[in-house]
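The values are calculated or read from the model by the stated rules, or taken from the named source; none is laboratory data. For clarity, every value in this text was computed on a predicted model and none was experimentally measured. Here the Cβ is made from the backbone with ideal geometry for all residues, glycine too, and neighbour counts use every protein chain on show.
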Amino acid sequence: MIRYLLINLFIGIHSIIFSLWAIIFILPFDRTGKYIHRFAARPWAKIILWVSGVKLQVNGKDYIHKTSAYIFMVNHQNYFDIFAVLAGIPADFKFILKQELMKIPLFGQAVRRAGYIGIERSDPKKAITSINGAADKIRKGASVLIYPEGTRNADGQVQPFKKGGFHLALKAGCDIIPVTIVYSNKIVPKGKRRIYHGTIIINIGKAVSIEEYKKNNMDLLIKRVRDTIISQMGDKRGK
């Protein structure tokens, strides 16, 4: 319990420091948010994992081509997933996240400047505007990352997927990379105020082309991506 409180206190203070670092020292030289992601967000996440005693094993890095833009679709178990994908996925990407996070002082300014995209889920019109903005970023060469379940699922099972990310893929003409996080639910177990030492595995899958999919058969695309994420849970080489 004490360790849990101390780590979360550290995360809060650490986030303020890195937000200031991003805003004051990186922002003046960064028009796209690429450097904030690379030199603030990624080190921020890596240090949190290190302090928490959490290691990463990343499989499938070769499926990511640095010259291509993707939509990374990732299963979501708890807040350590954020640190894991930032530290483990070897690509510059923009998070698609809840608009409320953009309102946090300093942190919200930093993530906005990084080019991350806030979604106002309670307002469909604003959500569509955000999706259109994300599609424009992808066309300009930026990758994005989304949690298609829409919320955390602490028991490790993959929930049904929302359609928003798939509409975005079709609109932007962008391939999808299915990413599976394994064991993060054991780092911060549901219902327990504890953070355990351990290894989080990230399994990166082959890109799924959206060429053969349209709105009328989008359900097939959703099933294909979800089935791939579930199947990748079986690769637990870092157990």
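Observations, loosely collected:
- Residue in the range 97-105 that is at pLDDT 95 or above, surrounded by fewer than 17 Cβ atoms within 10 Å (Cβ to Cβ) and farther than 23 Å from Arg152 by Cβ present: no
- Qualifying residue in the range 96-114 (condition: closer than 26 Å to Pro189 by Cβ, without any contact (Cβ under 8 Å) to a residue 60 or more places away in the chain and part of a helix (DSSP H, G or I)): yes
- Which listed residue, of Gly12, Gly60, is surrounded by fewer than 22 Cβ atoms within 10 Å (Cβ to Cβ), at pLDDT 95 or above, more than 20 Å from Ser143 (Cα to Cα) and not hydroxyl-bearing (Ser, Thr, Tyr): Gly12
- Each residue in the range 194-223 was checked for being farther than 18 Å from Trp50 by Cβ and surrounded by 15 or more Cβ atoms within 10 Å (Cβ to Cβ), and 10 pass.
- When residues of the range 15-31 are limited to those that are part of a helix (DSSP H, G or I) and without any contact (Cβ under 8 Å) to a residue 40 or more places away in the chain, the one surrounded by the most Cβ atoms within 10 Å (Cβ to Cβ): Ile26
- Among the residues of the range 157-176, the one identified as surrounded by 17 or more Cβ atoms within 10 Å (Cβ to Cβ) and closer than 23 Å to Val54 by Cβ is Val158.
- Any hit, the range 32-43, residues being of a type outside the set (A, V, I, L, M), buried (at least 22 other Cβ atoms within 10 Å of the Cβ) and out of contact with any Phe, Trp or Tyr (no Cβ under 6 Å at 6 or more places or on another chain): yes
- Residues within the range 177-209 that are of a type in the set (A, V, I, L, M), in a loop (DSSP other than H, G, I, E, B) and at pLDDT 95 or above, tallied: 2
- Conditions (1) surrounded by 19 or more Cβ atoms within 10 Å (Cβ to Cβ); (2) farther than 20 Å from Gly88 by Cα; (3) not polar (S, T, N, Q): number failed by Leu49: (2)
- Pair list, Cβ under 8 Å, 6 or more apart: the range 148-162 residue more than 14 Å from Arg224 (Cβ to Cβ) and among the hydroxyl-bearing types (Ser, Thr, Tyr), other residue modelled with pLDDT of 80 or more and in a loop (DSSP other than H, G, I, E, B): Thr151/His76; Thr151/Gln159
- Count of the range 66-82 residues which are in contact (Cβ under 8 Å) with a residue 12 or more places away in the chain and assigned to a loop (DSSP other than H, G, I, E, B): 9
- Considered as a group, the residues in the range 129-149 that are touching a helix residue (DSSP H, G or I) at 6+ places or on another chain (Cβ under 9 Å) and surrounded by fewer than 18 Cβ atoms within 10 Å (Cβ to Cβ) include one that is nearest to Cys174 (Cα to Cα), and that residue is Arg139.
- Selection over the range 138-157 of residues that are assigned to a helix (DSSP H, G or I) and touching a strand residue (DSSP E or B) at 6+ places or on another chain (Cβ under 7 Å) gives a count of 1.
- Selection status of Lys46, at pLDDT 95 or above, more than 22 Å from Ile117 (Cβ to Cβ), outside any helix (DSSP H, G or I) and out of contact with any Lys or Arg (no Cβ under 9 Å at 6 or more places or on another chain): no
- Residue within the range 120-137 that is in contact with a strand residue (DSSP E or B) (Cβ under 7 Å, 6 or more places away or on another chain) and of a type in the set (Val, Ile, Thr) present: no
- Of all residues in the range 67-88, none are surrounded by fewer than 14 Cβ atoms within 10 Å (Cβ to Cβ) and either touching a Pro at 6+ places or on another chain (Cβ under 7 Å) or basic (Lys, Arg) (or both).
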